[in-house]
Protein chains: 2
Amino acid sequence: MSRRGERPSPETLAKLPVAVDAMGGDKAPGDIVEGARRAAEQHGVAVVLVGPPEQVGDTQGLELVACSEVIGMDEDPAGGVRRKKDSSLVRAAELVRDGKASAMVSAGNTGATMAAGLLRMGRLPGVVRPCIATPLPRLGRTPAVLVDAGANAECTAAMLVQFAQMGAAYVCARFGTESPSVGLLSIGEEPTKGTPLVKETHGLLAGSAGGGAGSVGFEFVGNLEGRDLLPSPADVIVTDGFTGNVTLKTLEGSLRFLFDTMLGVFGTDDATREASHVLLPHLLPLAAQFEPENTGGAMLLGIDGVCVISHGSSNATAMMNAVLVAHECATRGLADQVAAAVRSADPA
Amino acid sequence: MSRRGERPSPETLAKLPVAVDAMGGDKAPGDIVEGARRAAEQHGVAVVLVGPPEQVGDTQGLELVACSEVIGMDEDPAGGVRRKKDSSLVRAAELVRDGKASAMVSAGNTGATMAAGLLRMGRLPGVVRPCIATPLPRLGRTPAVLVDAGANAECTAAMLVQFAQMGAAYVCARFGTESPSVGLLSIGEEPTKGTPLVKETHGLLAGSAGGGAGSVGFEFVGNLEGRDLLPSPADVIVTDGFTGNVTLKTLEGSLRFLFDTMLGVFGTDDATREASHVLLPHLLPLAAQFEPENTGGAMLLGIDGVCVISHGSSNATAMMNAVLVAHECATRGLADQVAAAVRSADPA
């Protein structure tokens with residue numbers, strides 16, 4: 001536990017600014033600063049930028065917490081956080097820890113963002129390992145979330161059960177889902193399918209749900225398969241971080257491939273170009289639901305604070321949405337709810 | 001080794017019929033028999049059906065090897081093969097073992113097909129575990145193959161290295177690919193990314209490729225991520241059977257979801273229906289490359305014979321293509337080539 005005092009009340013958190021790593025992401029600082037400004041001006045969310053003044057440049061009127069270093073996109077995460085104590089990522093995490101910001105957002109080095117959040121804000125009591133929750137679109141409904149989307153390549157069954165608890169608390173806090181459903185990613189519906197890890201996790205989740213669904217706060221719906229992810233019948237899909245990351249990137253890659261292929265067909269000749277003008281107004285809103293920029297980014301769960309990990313390719317819109325999600329989750333007491341979900345499930 | 005004698009020569013194999021499990025798959029026996037007949041009549045491939053005569057019904061003039069049992073789609077695979085010694089799956093595998101068929105094809109219970117192939121034909125010398133190779137489309141090129149697509153939920157690094165060898169031999173035999181490239185599915189390009197299993201496998205593949213690419217017969221191109229699968233830059237993608245199965249079903253599910261969504265948009269109103277008439281002739285050939293029915297099914301590698309595992313939803317076209325692939329691979333000596341690839345890589 002690195003937190004220096006009590007967690008601020010929701011009222012206090014609502015007034016605190018969101019700390020934005022101005023130097024994180026492929027489009028930093030331009031799009032990052034622009035997105036932060038739009039969150040502030042268009043949505044009234046207080047924002048503070050963090051970064052080296054000479055690199056950030058024009059802050060568009062936003063407050064800047066100055067620091068002297070930046071952790072690069074490809075830098076070793078743990079080493080970067082350890083060595084660069086005055087980096088934008090580390091300083092942003094410290095603002096949350098010290099009660100000077102309600103949440104942090106970065107589109108920078110994912111591993112370093114995780115490390116900064118974990119090391120500076122600290123783990124919530126009882127949490128074995130933080131995990132990353134990434135939204136999966138469901139047309140016309142609130143997104144499902146995949147946990148763990150890549151924080152932990154190696155997992156135990158106890159960790160996966162906690163991912164389920166934390167994921168359930170997250171969809172409650174973010175989407176207002178009551179009694180969320182949880183599915184376990186496997187290679188068949190039967191409890192006997194999968195790796196030893198998956199089979200053990202299935203037993204634990206089935207037992208905990210049966211033994212007292214109220215205390216755990218979710219309903220376990222059993223195994224799901226890869227073909228169930230779009231759209232997911234469960235609000236939360238639990239898996240280890242290796243499978244989660246491969247799966248997520250497979251989804252991203254296949255959808256992008258198909259969109260690109262379709263756009264290629266649209267440009268074949270005059271007739272297809274004309275036809276595409278009719279269809280695109282219908283297709284673009286659908287495509288938008290799959291764009292990372294509209295989902296507000298991934299959430300690091302299990303730390304004592306709110307930390308949004310945005311896509312490295314985030315543009316201004318993505319950053320604005322990430323700031324809004326961060327602010328909303330902080331104000332709704334996400335960390336408290338995650339802590340309560342883990343605590344209530346652990347009788348010790 | 002269950003084989004009773006020497007493997008037949010390619011010339012002999014080319015004349016032997018392909019054994020088709022007439023009772024396997026959701027559309028058995030109707031579409032299965034129809035597909036087998038088309039392979040025989042339209043492509044001159046000899047075929048023998050296997051199944052209980054009273055259940056198969058009209059054989060459309062094809063020879064039928066009679067048996068008395070059928071292993072159900074949801075039946076326990078190992079138990080089914082053990083108990084039902086006179087089942088269509090077991091008898092089909094025995095025809096290959098006994099040199100009476102060049103290959104077998106089934107769209108039935110995947111696990112039972114694997115078990116029948118493995119237990120009746122036997123493992124090739126030196127093969128630790130057979131694996132399933134499934135084609136992934138690459139528009140305008142020969143497909144890539146994913147190994148293991150689901151045979152082994154638990155794997156060792158030595159097994160993954162063999163999957164690479166067997167997969168490379170398969171794309172050589174089936175597509176004529178010279179010096180195929182092999183990628184390892186992970187969560188980042190760097191050799192340090194992934195589970196201990198992936199990291200160990202990376203080291204072994206990098207070492208074996210560097211130490212004597214000629215003897216192994218493939219080029220190791222390093223780690224690939226989920227977003228690289230469509231289209232895959234490598235001819236063979238290696239992963240454990242759990243990740244492989246989840247990934248494959250994720251691909252299937254996301255592409256189906258997007259096609260369905262697009263078809264929904266096409267039917268919105270008269271204008272979109274008209275536009276769709278212009279675009280569909282361009283889109284359908286693309287979509288066809290993603291249809292399981294056109295890929296000829298998955299191949300069980302590492303057994304002493306040729307065994308094609310078709311999708312449970314296989315229609316007559318899918319079955320015809322599966323029979324053609326089975327015949328072609330048997331005639332080209334797939335099992336011999338897989339055996340040689342494993343043997344040459346093992347100095348013992």
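With point charges of +1 on the Cβ of Lys and Arg and -1 on the Cβ of Asp and Glu, referenced to the Cα centre of the protein assembly as shown, which listed residue (A:169, A:105, A:345) lies farthest in the positive direction of the dipole?
A:345
What distance in nm separates the simple spin-label points at residue B:336 and residue A:268, each placed 7 Å from Cα in the Cβ direction?
Roughly 4.4 nm, to one decimal.
Run through all the Cα pairs of chain B and give the fraction in each 20 Å bin from 0, expressed as whole percent.
In order of increasing distance, the bins hold 32, 55, 13, 0 percent.
Hey, can you list the DSSP H helices of chain B whose Cα span along the axis is 24 Å or longer and whose average Kyte-Doolittle score is at least 0.5?
Taking the DSSP H segments of chain B (at least 24 Å long, mean hydropathy at least 0.5), we get B:157-175, B:241-266.
Can you give the charge dipole size of the protein assembly as shown about its Cα centre, rounded to the nearest 20 debye, using +1 on the beta carbon of Lys and Arg and -1 on the beta carbon of Asp and Glu?
Computed charge dipole of the protein assembly as shown: roughly 1340 debye.
Give the calculated FRET efficiency between residue A:100 and residue A:344 to the nearest 0.05, with a Förster radius of 22 Å applied to their Cβ-Cβ distance.
0.15
Using a Gaussian network model of chain B whose springs link C-alpha atoms within less than 10 Å, name the residue from B:67, B:131, B:307 with the highest mean-square fluctuation.
B:67
Could you tell me which GluC sites (Glu not before Pro) in the stretch B:147-230 are loop residues by DSSP with no more than 15 other beta carbons within 10 angstrom of their beta carbon?
Loop-located and lightly packed - B:154, B:178, B:189.
Could you work out how far the C-alpha centroid of the stretch B:34-67 sits from that of the stretch B:233-269, in angstrom?
Using only Cα atoms to place each centre, the spacing works out to 32 Å.
Averaged across the residues of B:253-265, what count of C-beta atoms belonging to other chains lies within 10 Å of each residue's C-beta?
Other-chain Cβ atoms within 10 Å of each residue's Cβ, averaged: 6.
Suppose R0 equals 25 Å; then what is the FRET efficiency for residue B:317 and residue A:288 from their Cβ-Cβ distance, rounded to the nearest 0.05?
0.10
Using the number of other C-beta atoms within 10 angstrom as an exposure proxy, rank A:250, A:12 with the fewest first.
Ordered from fewest to most neighbouring Cβ atoms within 10 Å, A:250, A:12 come out as A:12, A:250.
Compute the distance in nm between two label points, each set 7 Å from the Cα along the Cα-to-Cβ direction, one at residue B:55 and one at residue A:189.
So the label points at residue B:55 and residue A:189 sit 2.1 nm apart.
Any idea what the dipole of the stretch B:1-129 comes to, in debye rounded to 20, about its Cα centre with Lys/Arg Cβ at +1 and Asp/Glu Cβ at -1?
700
Between copies, how close do the residue B:203 label points come, placed 7 Å along Cα→Cβ, listed in nm from shortest?
3.1
Provide the net charge surrounding residue B:153, with neighbours chosen by a C-beta distance below 15 Å and charges set as Lys +1, Arg +1, Asp -1, Glu -1.
Value of the local net charge: -4.
Estimate the FRET efficiency between residue B:7 and residue A:206 by the formula 1/(1 + (r/R0)^6), using the beta-carbon distance for r and 45 Å for R0, to the nearest 0.05.
Computed FRET efficiency for residue B:7 and residue A:206: 0.40.
Per residue of A:267-274, how many C-beta atoms from partner chains lie within 10 Å of its own C-beta, taken as a mean?
Taking all residues of A:267-274 together, the mean is 3.
Treat each spin label as a single point 7 Å out from the Cα along the C-beta direction, and report the residue B:178 to residue A:154 distance in nm.
4.3
So who's got an amide H within less than 5 Å of the one on residue A:223, skipping anything under 5 residues away but keeping other chains? H placed 1.01 Å off N, in plane.
A:184
If you draw the axis that swings chain B onto chain A, which residue of B has its Cβ closest to it, and how far is that in whole Å?
It is B:275, 2, counting Cβ atoms only.
Please arrange A:336, B:240 by counting, for each residue, the other beta carbons lying within 10 Å of its beta carbon, fewest first.
A:336, B:240
Report, for residue A:270, each distance to the same residue's label point in the other copies, shortest first and in nm; define the point 7 Å along Cα→Cβ.
2.4
Is it possible to state the helix-based mean residue ellipticity at 222 nm for the protein assembly as shown, with each DSSP H run of 4+ residues giving -39500 (n - 2.57), the sum divided by total residues, to the nearest 500 deg cm²/dmol? What is it?
-15000 deg cm²/dmol
How would A:83, A:227 line up from fewest to most surrounding beta-carbon atoms within 10 angstrom?
A:83, A:227
Mind listing the label-point distances from residue B:58 to the same position on all other copies, shortest first, one decimal in nm, points 7 Å along Cα→Cβ?
7.7
Could you size up the charge dipole of chain A around its Cα centre, putting +1 on the beta carbon of Lys and Arg and -1 on that of Asp and Glu, and report it in debye to the nearest 20?
Values: 28 positive and 39 negative charges, 184 e Å.
Approximately 880 debye in magnitude.
Along the charge dipole of chain B, which of B:279, B:130, B:61 sits closest to the positive end, that is, farthest toward it, with unit charges on the beta carbon of Lys, Arg, Asp and Glu (+1, +1, -1, -1)?
B:130
Bear in mind these aren't lab numbers, they're just calculated from the coordinates by the rules spelled out. All values reported here derive from a predicted model rather than from experimental measurement. Cβ sites come from the backbone with ideal geometry, for glycine too, and all protein chains shown count toward neighbours.
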